């Protein structure tokens, strides 16, 4: 079989229902190895549910999820993690009784190739990922001493410590100010530069435009639009369903300036 053009991750008609309501409804798309793919959409559009389906937290009710050509639909989260898919969660819940380094080491113990790792190697991996996300200087600090931005960095570090090939990021920049968002952007770029494919859910549009090659828009569980971020964000359907009239007015102003120049 020729796998040269095989996507790293492929969703085929994925559906997840809760009490008859389709939270994710017939979603189909691909993730190419090495890209940064953005997933956007209004609250309740099914974005986090989609990540839960990919990572095995939820079992899909229909369709298939394929990882490097192999179906992973129905596998439990720990099996999917060991195949090379890591993720963060919106609600950050580190182990409060542990240090920053110990929290990161937990990821190393439960990720891909974890069966071959001892505690010493897990701490070595923890130090590497803490350096990558900018928390090395706080490795021995208690988690309780971390700020909200640093807790988000630790959440990413724990996921990266699993040594994923694909990293799913669920709104890691939510609640951050502009300076903190810029710092988080650099962190994501640093992780991506190590060869990790990234799929991120985000509401900050400058993040999507700044680092994503493609963007997918979900609305009521359906794929509303897909393509280059600049094109997707100008789609009238996306503006109506998600971005709103204020964004549309700003966009019309930019178009007017372009026409005048």
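The values are calculated or read from the model by the stated rules, or taken from the named source; none is laboratory data. Just so we're clear, the structure is a prediction, and the values are computed from it rather than from any experiment. Neighbour counts are summed over all protein chains in view; Cβ atoms, including those assigned to glycine, are modelled from backbone coordinates with ideal geometry.
For segment 21-36, the count of residues that are part of a helix (DSSP H, G or I) and either in contact with a strand residue (DSSP E or B) (Cβ under 8 Å, 6 or more places away or on another chain) or touching a residue at least 24 places away in the same chain (Cβ under 8 Å) (or both) is zero.
I'd like to check something: does segment 108-122 contain any residue that is surrounded by fewer than 19 Cβ atoms within 10 Å (Cβ to Cβ) and at pLDDT 95 or above? The answer is no, given that none of the residues of segment 108-122 is surrounded by fewer than 19 Cβ atoms within 10 Å (Cβ to Cβ) and at pLDDT 95 or above.
State whether the residues of segment 184-201 include one that is closer than 30 Å to residue 30 by Cβ and outside the structural domain of residue 41 (by TED's automatic domain parsing). Let's see the steps before the verdict.
Filtering segment 184-201 down to residues closer than 30 Å to residue 30 by Cβ leaves 184-201.
Okay, now just the ones that are also outside the structural domain of residue 41 (by TED's automatic domain parsing), so none.
The answer is no, given that none of the residues of segment 184-201 is closer than 30 Å to residue 30 by Cβ and outside the structural domain of residue 41 (by TED's automatic domain parsing).
Can you tell me which of (1) at pLDDT 95 or above; (2) more than 25 Å from residue 142 (Cβ to Cβ) is the one residue 74 doesn't meet? Result: residue 74 passes all but (1).
The set of residues in segment 50-66 that are free of Cβ contacts under 8 Å to residues at least 60 places away in the same chain and over 13 Å from residue 13 (Cβ atoms) comprises 52, 56, 57, 58, 59. Residue count for segment 8-20, restricted to those that are without any contact (Cβ under 8 Å) to a residue 40 or more places away in the chain and touching a strand residue (DSSP E or B) at 6+ places or on another chain (Cβ under 7 Å): 0.
Yes or no, residue by residue, for (1) in contact with a helix residue (DSSP H, G or I) (Cβ under 7 Å, 6 or more places away or on another chain); (2) modelled with pLDDT under 95:
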position: 5; (1), (2): no, yes
position: 12; (1), (2): no, no
position: 17; (1), (2): no, no
position: 23; (1), (2): yes, no
position: 30; (1), (2): no, no
position: 57; (1), (2): yes, no
position: 60; (1), (2): yes, no
position: 68; (1), (2): no, no
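Every test in (1) within 30 Å of residue 108 (Cβ to Cβ); (2) modelled with pLDDT of 95 or more; (3) more than 15 Å from the chain's Cα centre (by Cα) is passed by residue 175 save one, and that test is (2). Beta carbons closer than 8 Å, at least 6 apart along the sequence or on distinct chains, pair a first residue in segment 131-144 that is under 12 Å from residue 161 (Cβ atoms) with a second that is modelled with pLDDT of 95 or more and part of a loop (DSSP other than H, G, I, E, B) for 132/194.
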